[in-house]
Amino acid sequence: MDLTVRVKPGSSKGPLVEPAGPGELTVYLNERAVDGAANDALVKVLAKHLGVSKSRVEIVRGHTSRVKQVRIGD
């Protein structure tokens, strides 16, 4: 399953996952986008939200962007 995820790093609302449309999520994170901290937090938050292990969550595209393509593996 592939998802489009809009990330809001450094947010006081986080961690929070909100639906944004079919196959799209908005994720608010407390962590700032420094040294990959926001990407690591995104994987952790999505894994918990979707009920899967962190190893099944992969950022496919957009490592340095706020809009990311994320693949949830089998």
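The values are calculated or read from the model by the stated rules, or taken from the named source; none is laboratory data. All values derive from a computational prediction rather than experimental measurement. Positions of Cβ are generated from backbone atoms using ideal geometry, with glycine treated the same way; all protein chains shown enter the neighbour counts.
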Seminar exercise, completed: Subset of the stretch 6-32, residues more than 15 Å from Q69 (Cα to Cα), touching a Gly at 6+ places or on another chain (Cβ under 9 Å) and surrounded by fewer than 18 Cβ atoms within 10 Å (Cβ to Cβ), comes to N30, R32
Problem set entry | Set V67, V45, V60: member being of a type outside the set (S, T, Y), surrounded by 13 or more Cβ atoms within 10 Å (Cβ to Cβ) and at pLDDT 95 or above | V45
Exercise. Out of the stretch 24-74, which residues are touching a helix residue (DSSP H, G or I) at 6+ places or on another chain (Cβ under 7 Å), assigned to a helix (DSSP H, G or I) and aliphatic (A, V, I, L, M)?
Worked result: V43, A47
